[in-house]
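Peer 1: Sharing a structure below in structure tokens format, with a few things to ask.
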Amino acid sequence: MHYPLSEKYNTPALMAKIMGPNPLKLEEELLLGHRIPAGATVCDLGSGQGLTSVFLAKEYGFKVYAADLWSDPEENRAFFAEMGLSGEQIVPVKADALDLPFARAFFDAVVSTDSYNYFGRDAAFLDDHLLPFVKPGGLIYITVPGMKRDCHNSLPPELLLSWTPEQLDYLHDADYWADIVNRCKGARVLCVSPMESNEEVWADWLRQENPYAIGDRRSMEAGGGRYLNFIKIVLQKLDS
Ligand SMILES: C[S@@+](CC[C@H](N)C(=O)[O-])C[C@H]1O[C@@H](n2cnc3c(N)ncnc32)[C@H](O)[C@@H]1O
């Protein structure tokens with residue numbers, strides 16, 4: 001697939017900010033044909049160092065709250081200013097997805113890229129922790145790293161070259177995710193499906209010279225990528 005929006009961010013300085021397989025390309029595929037209006041208030045949930053948040057603000061015209069647990073919001077604020085975005089367009093927030101610091105029904109939409117698998121594997125997460133902050137009818141777009149088929153009972157040795165069984169337990173197939181999100185009472189599931197972006201987004205990540213990317217190369221160079229994919233999940237909060 002082509003990534004005309006993400007390609008604009010393909011500079012060494014910006015790519016040094018990615019925290020895994022190219023999240024901009026994933027987001028671009030995730031949002032193809034999306035139904036979030038420009039100007040919408042959007043939570044980038046698990047925004048990391050804020051590159052995906054910049055992308056949402058600049059390329060889609062959303063007002064973005066960049067909510068993340070591990071990153072420093074002041075560093076993200078400086079990055080947003082460097083990227084020419086004002087505090088009206090983008091707001092960094094230190095936040096735990098399990099205890100979000102927002103008013104009820106605050107967001108028109110939530111977008112979560114390569115993060116939801118850290119906090120969303122409990123089927124109660126949506127009803128208890130996320131949907132209260134989304135307006136009725138609001139949309140939730142998620143992309144998670146996954147497995148083509150769950151193989152936790154017999155993990156391929158290629159995958160174990162880079163990751164422990166505990167780390168691999170964050171990765172699951174589309175059936176697993178469909179089961180989790182279909183148990184939600186407050187939203188309609190619009191889509192759970194494997195994505196096209198896989199080899200390309202991994203290649204962008206493995207090219208980076210940080211210890212995490214270097215560590216991931218062992219498995220991917222041994223062919224571990226054939227077991228892995230990314231999964232797109234789209235939900236809409238019910239009206240009542
Ligand atoms: C692999 S990084 C992805 C960051 C960003 N979306 C990107 O793709 O560049 C995963 C992010 O999930 C965030 N995260 C993990 N658990 C979280 C939680 N409970 N609440 C909020 N963010 C969380 C981490 O802070 C981290 O920045």
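Peer 1: Expressed in nm to one decimal, what extension gain is obtained for the pair A222 and Y118 from 0.36 nm per residue of sequence separation less their Cα-Cα distance?
Peer 2: Working: separation 104, 0.36 × 104 = 37.44 nm, distance 2.56 nm.
Working it through step by step, the gained length comes to 34.9 nm.
Peer 1: Using Cα pairs under 8 angstrom and six or more residues apart, how large is the relative contact order of the stretch 1-86, in percent?
Peer 2: Rounded, it is 26 percent for the stretch 1-86.
Peer 1: If you place +1 on the Cβ of every Lys and Arg and -1 on the Cβ of every Asp and Glu, how big does the dipole about the Cα centre of the stretch 1-90 come out, in debye to the nearest 20?
Peer 2: On the way: 7 positive and 12 negative charges, 43 e Å.
Dipole magnitude for the stretch 1-90 comes out near 200 debye.
Peer 1: Return the loop-located chymotrypsin sites (Phe, Trp or Tyr not before Pro) in the stretch 1-93 (DSSP other than H, G, I, E, B) with at most 16 other Cβ atoms within 10 Å of their own Cβ; answer none if there are none.
Peer 2: Working: sites: Y9, F55, Y60, F62, Y65, W70, F79, F80; in loops: Y9, F62, W70.
Here the sparse-neighbourhood loop sites are W70.
Peer 1: What is the gain in length, in nm to one decimal, between A13 and L69 on full extension, counting 0.36 nm per residue of separation less the C-alpha to C-alpha distance? Write out the running numbers ahead of the final one.
Peer 2: Working: separation 56, 0.36 × 56 = 20.16 nm, distance 2.27 nm.
Gain on extension, A13 to L69, equals 17.9 nm.
Peer 1: Long-range amide H contacts for L190: which residues qualify at under 5 Å (H placed 1.01 Å from N, peptide plane, sequence gap of 5 or more or a different chain)?
Peer 2: V234, L235, Q236
Peer 1: What trypsin sites (Lys or Arg not before Pro) does the stretch 159-240 have in DSSP loop regions with at most 13 other beta carbons within 10 Å? It would help to have the intermediate numbers written out before the result.
Peer 2: Details: sites: R183, K185, R188, R207, R217, R218, R226, K232, K237; in loops: R183, K185, R207.
Those satisfying the criteria are R183, K185, R207.
Peer 1: Just from its helices, what would the mean residue ellipticity at 222 nm be for the chain, if runs of 4 or more DSSP H residues each count -39500 (n - 2.57) and the sum is divided by every residue, rounded to the nearest 500 deg cm²/dmol?
Peer 2: Working: 11 runs with 76 residues, N = 240.
Dividing the helical sum by the residues of the chain leaves -8000 deg cm²/dmol.
Peer 1: What's the longest piece of the chain with no exposed GluC sites (Glu not before Pro), counting a site as exposed if DSSP puts it in a loop and it has at most 10 other beta carbons within 10 Å?
Peer 2: Numbers: sites that count: E88, E209.
Counting at most 10 other Cβ atoms within 10 Å as exposed, the longest clean stretch of the chain is 89-208.
Peer 1: Step through the residues of the stretch 90-99 one at a time and calculate ³J(HN,Hα) from phi using the Karplus curve (6.51 cos²θ - 1.76 cosθ + 1.60, θ = phi - 60°), rounding each to whole Hz and writing x for Gly and Pro.
Peer 2: For the stretch 90-99, the Karplus curve yields 7, 10, x, 9, 6, 8, 9, 4, 7, 8 Hz.
Peer 1: Top mean-square fluctuation among L168, L131, L139, Gaussian network model of the chain, C-alpha springs under 10 Å?
Peer 2: Judging by the Gaussian network model, the answer is L168.
Peer 1: What is the distance in Å between the Cα centroid of the stretch 114-160 and that of the stretch 189-208?
Peer 2: Distance between centres, Cα-based: 15 Å.
Peer 1: Would you mind getting me the FRET efficiency between Y212 and A81? Use the beta-carbon distance for r and R0 = 35 Å, nearest 0.05.
Peer 2: Details: r = 27 Å, r/R0 = 0.76.
FRET efficiency, Y212 to A81: 0.85.
No value in this document is a laboratory result; all are computed from the given coordinates. Quick caveat, the model's predicted, so the values are computed rather than measured. Glycine also receives a Cβ, built like all others from the backbone with ideal geometry; neighbour counts cover every protein chain displayed.
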